[in-house]
Structures are given as structure tokens and as C-alpha cells.
1. Taking A:Asp310 and the conditions (1) under 30 Å from A:Thr64 (Cβ atoms); (2) modelled with pLDDT of 90 or more, which numbered condition does it fall short on, given that it satisfies the others?
2. Report, by residue number, each residue of region B:61-82 that is surrounded by 24 or more Cβ atoms within 10 Å (Cβ to Cβ) and either among the polar types (S, T, N, Q) or at pLDDT below 90 (or both).
3. Have a look at B:Leu85, B:Leu28 and point out the one that is in a helix (DSSP H, G or I), touching an Asp or Glu at 6+ places or on another chain (Cβ under 6 Å) and either at pLDDT 90 or above or of a type outside the set (Phe, Trp, Tyr) (or both).
4. Determine whether region B:150-158 contains at least one residue that is surrounded by 21 or more Cβ atoms within 10 Å (Cβ to Cβ) and within 30 Å of A:Phe157 (Cβ to Cβ).
5. Name the residue, out of A:Ala89, A:Ala134, A:Ala97, that is within 23 Å of B:Ile96 (Cα to Cα), in the same structural domain as A:Leu170 (by TED's automatic domain parsing) and either surrounded by fewer than 21 Cβ atoms within 10 Å (Cβ to Cβ) or within 27 Å of the chain's Cα centre (by Cα) (or both).
6. When only residues in region A:137-153 that are of a type outside the set (A, V, I, L, M, F, W, C) and part of a loop (DSSP other than H, G, I, E, B) count, which is surrounded by the most Cβ atoms within 10 Å (Cβ to Cβ)?
7. Being over 18 Å from A:Pro165 (Cα atoms) and not in a loop (DSSP other than H, G, I, E, B) is the filter here; which residues of region A:68-108 pass it?
8. Only one of (1) touching a Ser or Thr at 6+ places or on another chain (Cβ under 6 Å); (2) within 30 Å of A:Met99 (Cβ to Cβ) is not met by A:Pro251, so which one is it?
Amino acid sequence: MTVTNMADGRDSQRAGTGPPAAINLRGIRKSFGSVQAVRGIDLDVTPGEIVAILGPNGAGKTSTIDIILGLSQPNGGTVSVYGMHPRQAISRGLVSAVMQTGGLLKDLTVRETAQYTASLFVQATPVEDALGRAGIAGIGDRRVGKCSGGEQQRLRFAMALLSDPELLILDEPTTGMDVEGRRGFWAAIRQDAAQGRTVLFATHYLEEADAYADRIILLRHGQIVADGTSAEVKAMAAGRTVRATLPGADPAELSALPGAESVEVRGDTVRVHSTDSDAVARYLLTRTPARDLEIATRGLEDAFIALTSDGNDSTSHPAGGSR
Amino acid sequence: MTAQSLPVPELAREAPGLGGFNFTVLKLEIRRLLRNRRTVIFAMVIPAVFFLLFGLNSAYANQRAGHGNVSAFIMISMALYGAVLATTSGGAMVSIERAAGWSRQLRLTPLSPAAYITIKMLTAMVLGAGSVIVVYLVGMVSGKPSMPGYLWIATALSVWVGSLVFAAFGLFMGYLLPTENVMQFLGFGLMLFAFGGGLFIPLDQYPHVLQDVAQYTPLYGLNYLVHAPLLGSGVHMVWVVNAVAWLAIFAGGAVWRFRKDTARV
């Protein structure tokens with residue numbers, strides 16, 4: 001695509017059809033040998049959104065990010081970033097990323113590393129500004145090899161800021177940081193995002209996604225199992241489980257109950273996970289011969305695990321934006 | 001206009017010319033190389049010592065070789081060996097960058113594979129220049145090599161330019177081989193190439209079969225080309241083809257590996 005085409009894109013936006021999506025993924029699949037890391041992901045990220053990709057290790061977060069950044073090629077599906085091929089978007093400085101580990105040379109100083117990166121872009125913010133915004137202005141002359149893990153992560157963040165990208169991608173950026181470092185790092189990101197930058201970050205910390213994202217995408221086994229605002233996902237996660245003994249239970253009937261999100265039938269035992277446990281309990285006790293009824297609250301952590309770990313039976317029906 | 005409050009992305013940006021090549025990066029790369037004391041000393045000292053061992057025989061000073069003497073011939077050989085050693089180790093430094101995930105990081109910038117490889121080769125060439133200068137200085141101080149003044153410059157320049165082939169070789173190997181002991185492995189390989197190219201022992205003293213094989217080794221063409229100004233007996237196409245072909249193979253291999261090198265560390 002050419003610069004002229006992009007100018008067309010901006011004209012059409014004035015005409016009201018909207019800018020191209022910051023990220024557009026359609027049917028993305030990626031496998032490594034026999035392991036399917038990503039199994040058909042559709043995703044649209046609108047400019048200005050702060051999106052968290054949440055999921056346990058091996059859910060496909062990093063594989064998805066690598067595809068968005070053009071570091072790996074999907075086996076199927078299409079990917080575009082601001083309507084372009086990822087590599088084109090990177091060449092123009094529209095996208096930058098903070099990776100989890102590596103990516104730094106020990107024998108350069110902090111400032112030299114930033115100067116190196118800045119020199120590669122047509123437009124770059126001044127090096128001292130980027131170091132300042134990342135909170136490492138004071139250690140510009142320090143060798144990278146002598147910096148702490150947190151300082152190195154801030155340097156990666158400063159490097160990502162140098163091209164003044166429209167889209168900033170962070171892959172588990174706070175792994176290995178202590179609580180204080182993590183808080184400081186997110187404060188810097190948040191301050192930066194307030195200026196309208198689109199941010200996509202992967203994390204396996206539920207609290208990080210909750211505190212810093214407008215939108216949370218839950219990944220499990222390379223598929224999206226939930227997609228919504230933090231409040232929506234929390235509501236989904238914060239329901240209760242109603243357990244009862246009910247011989248010959250009909251899973252389809254129970255799934256139709258208001259708020260029911262997953263139904264599990266094993267022998268004579270049914271488990272209904274619901275955001276309206278009262279309705280489920282009332283139904284079971286008044287309309288069925290159910291007995292031994294128990295209602296249990298699931299914590300956020302448990303719910304997250306329930307949504308993203310192996311479903312151990314086929315009658316489980318995860319709800320949300322999976323389709 | 002419901003989208004009023006959404007930020008408008010500024011997409012009309014440009015990608016840099018020359019694939020991102022620039023002198024800031026070149027300067028920083030050279031600074032990094034000079035911080036690596038072990039590589040610098042290795043590339044400067046070994047060829048000078050070899051010249052002192054093999055080039056100072058007083059018989060060589062009296063024996064003519066083209067427009068100069070045999071001592072000058074050996075000085076050129078050792079300068080080539082030194083330049084090759086220097087550019088190879090300069091190029092092979094990418095193995096450290098790969099291990100650090102730096103090559104992957106660079107894939108997140110506009111820097112093109114070709115521009116990056118050009119920068120790495122030029123950096124290696126700076127170390128190569130240092131090695132040539134040291135050998136020629138030692139030669140000058142020893143007083144044994146003798147050839148017309150213009151040939152000191154012409155041969156030194158041909159050696160230096162020719163070592164570009166091995167800057168590409170170092171890069172290719174730096175991408176191909178694991179980080180541990182990459183230079184030990186390459187040091188041995190270069191020694192073989194030096195024998196194959198006739199740098200240490202003239203090729204006409206080899207059996208015929210070996211002479212035939214030697215023609216295809218990467219130092220063969222270069223070795224004859226850099227001595228051509230001194231010997232003044234013309235340039236054979238075979239030498240040029242040999243040097244250019246190996247340059248293409250090594251540089252092409254380095255680009256190929258760089259493109260593949262996006263693995264996480």
C-alpha cells in the first residue's frame with residue numbers, strides 16, 4: 001500500500017466511514033509442529049483502545065502478538081495493522097513493542113541504546129524525552145548490563161516510545177518485576193496512554209488487566225473465550241456455582257436459565273455456574289426433584305481459571321464473545 | 001459524528017531511506033567493537049607476530065619478488081591474514097547479538113536486513129583496517145620489506161577492500177553457528193582457508209590434486225589479487241570470479257539467516 005492510499009483512508013474517515021482498525025485479525029491460525037498455538041482468532045482493535053490479552057501460559061498470547069508484529073507468519077488467516085502489512089506499519093514507526101525479555105545489548109549504555117533505536121526512524125522523539133518519560137533520565141550513562149531488570153524494562157519502554165507509535169504492544173511487560181516496580185511501570189504507561197495511544201498488552205495477572213485495560217480479551221487454547229470491558233468480564237467471572245443432586249438432569253434446559261453460563265452434569269450431580277444463582281436455585285428446588293443443593297461463590301482467581309483452563313467435560317458451555 | 005472523541009491516527013508517515021542505514025548506528029557499532037578488547041587485541045597482535053616470525057629472514061630481504069622483495073610479499077600475506085581474522089571476528093559478533101535477542105528487537109524497527117548487514121560489514125572493516133595498519137607499521141619499523149612507496153599504499157588498500165569478503169563470512173557464521181566458541185571454530189577454519197589460498201605456503205609446492213581443490217577455497221582469489229600489484233604480472237579472471245563468488249555466497253547467506261532470525265530468546 002502506498003502513502004497515497006493512506007491519504008485516501010484519511011479522507012474516507014472525514015467522510016464518516018472511520019479510520020482503519022489499529023489491529024484487524026481474521027481467522028488467524030498458527031501451529032508449531034503438532035501444537036496448535038492459535039486456533040482461529042478474530043480481533044478488531046479500534047484506535048485509542050487499551051486492550052489486555054489475558055490468559056495462562058500457553059494460551060497463545062505471545063504467538064498472537066508475534067503475528068501482529070510480523071515476527072512470525074500465521075498458517076492461516078489475515079492480519080493488518082492500520083490497514084497495512086505489519087512490516088509496513090513498523091517501517092513507518094506506527095507500531096512498537098516492549099518485549100518480555102532480551103532485546104538489549106549489554107555493552108551499550110542506556111542513552112546509546114536509545115540513540116541507536118531513534119536513528120532508525122524518520123521521525124523520532126528526542127532521546128532525553130523518551131528516557132524521561134520512562135523514568136530513566138538519570139541513568140543514561142549506565143551500561144545496560146549494569147541495569148536492574150526493572151531499569152532494563154523501562155529502557156525497552158523508552159525505546160518503544162522513540163518512534164511516537166500510534167500502537168504500543170507490550171508482551172507481559174512486568175514479568176519478574178517487584179510490586180513497586182510494576183506499579184511504577186504501569187503508572188508510566190497509563191500516563192502515556194492518556195494522550196490517545198492505542199495499547200495492547202498481554203498479561204497473566206488478572207489485576208493488571210483489571211486495573212489498566214478498557215477491554216479484556218480472555219484467551220484459552222489459542223481461542224478467544226471472552227471479550228468485553230473489565231466490568232463485563234468480571235461480572236462473568238464473579239458468578240456463583242449451584243451444585244445439586246438431580247438424576248436425569250437435562251443440560252440444555254438448565255443452560256436456558258437466566259444467567260446460566262456453564263452447566264456440568266456428571267452422574268447424578270449437576271453444577272450450574274450462573275450470575276443469577278438465586279434463579280437457578282429457585283428453579284431447581286421448585287420445578288425439579290433436585291436435592292442436597294449448595295451454592296458456592298467463586299473468587300476472581302477461580303473464575304479466571306475456570307474460564308481459561310481445560311474444560312474437563314463436553315457439556316460445559318463457555319459464554320461471552322467466543323462466537 | 002459519534003467518532004469525534006476518538007483519536008485520529010496519523011498514518012501518513014514515511015519509512016526511512018536506505019533501509020534505515022545511518023551514521024549514528026555505524027558510530028555506535030564501532031564504539032561497541034572497540035569496547036571488546038579481546039577481539040581487538042587478537043586481531044591486531046597475531047598477524048604482527050606471524051610477520052615477525054616468518055617475514056624477517058634476512059635471505060627474504062635480498063630475494064626479489066616482482067617490484068619488491070620477498071619480505072614485502074610476506075608482509076602483504078600477513079596483513080591479509082590479519083585483515084581476514086579481524087573482519088571475521090567483527091562480523092561474528094552478531095552471534096552475541098542473536099543470543100541477546102537484539103536481532104529480534106531490530107525487526108521491530110525499520111532497519112532492513114541489507115542495511116543492517118552493510119553496517120555490520122563496515123564495522124568489521126574498521127577492525128580490518130586496524131589490523132592492516134599494525135602489520136604494515138611493524139614491517140616499516142623492521143626495515144626488511146622493500147617496495148616502491150605507491151605499492152605500500154596500493155597493496156594495503158587491496159588487502160583492506162578484499163577483507164570485505166570475510167566480513168560477510170563472519171556475519172554468515174555468526175548467524176549460523178551457536179554463540180559458544182564461535183571464534184575458536186572460525187580461527188581454525190581461517191587457518192585452513194589460509195593454507196588453501198596459499199597464504200602460508202606457495203600453492204605450487206602442493207600436490208596437483210590439492211592445487212585443484214585450492215582454487216575453489218575462499219582465500220585463493222583474494223591472495224593472488226592482493227599480491228598482483230607487487231608482482232606486476234597482471235590479474236587473472238579466475239581470481240576475481242573466486243573472490244566475487246565467495247562474497248556473494250557469504251553475503252547472501254547472512255541476509256538469509258538474518259531474515260530467519262526472529263526467534264525468541
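The values are calculated or read from the model by the stated rules, or taken from the named source; none is laboratory data. Worth saying up front: this structure is predicted, and the values here are computed from it rather than measured. Cβ placement follows ideal geometry from the backbone for every residue including glycine, while neighbour counts extend to all protein chains displayed.
1. The one condition A:Asp310 does not meet is (2).
2. The answer is B:Ser71, B:Ser77.
3. Working: B:Leu85 fails: touching an Asp or Glu at 6+ places or on another chain (Cβ under 6 Å).
The conditions single out B:Leu28.
4. No, region B:150-158 contains no residue that is surrounded by 21 or more Cβ atoms within 10 Å (Cβ to Cβ) and within 30 Å of A:Phe157 (Cβ to Cβ).
5. Values: A:Ala89 fails: within 23 Å of B:Ile96 (Cα to Cα); A:Ala134 fails: within 23 Å of B:Ile96 (Cα to Cα).
Only one candidate qualifies: A:Ala97.
6. Taking region A:137-153 and keeping what is of a type outside the set (A, V, I, L, M, F, W, C), we get A:138, A:140-143, A:145-146, A:148-153.
Still in the list and also part of a loop (DSSP other than H, G, I, E, B): A:140-142, A:148.
Working: A:Gly140: 19, A:Asp141: 9, A:Arg142: 15, A:Ser148: 12.
Selected residue: A:Gly140.
7. Once the filter is applied, which keeps residues that are over 18 Å from A:Pro165 (Cα atoms) and not in a loop (DSSP other than H, G, I, E, B), region A:68-108 yields A:Gly76, A:Gly77, A:Thr78, A:Val79.
8. The number of the failed condition is (2).
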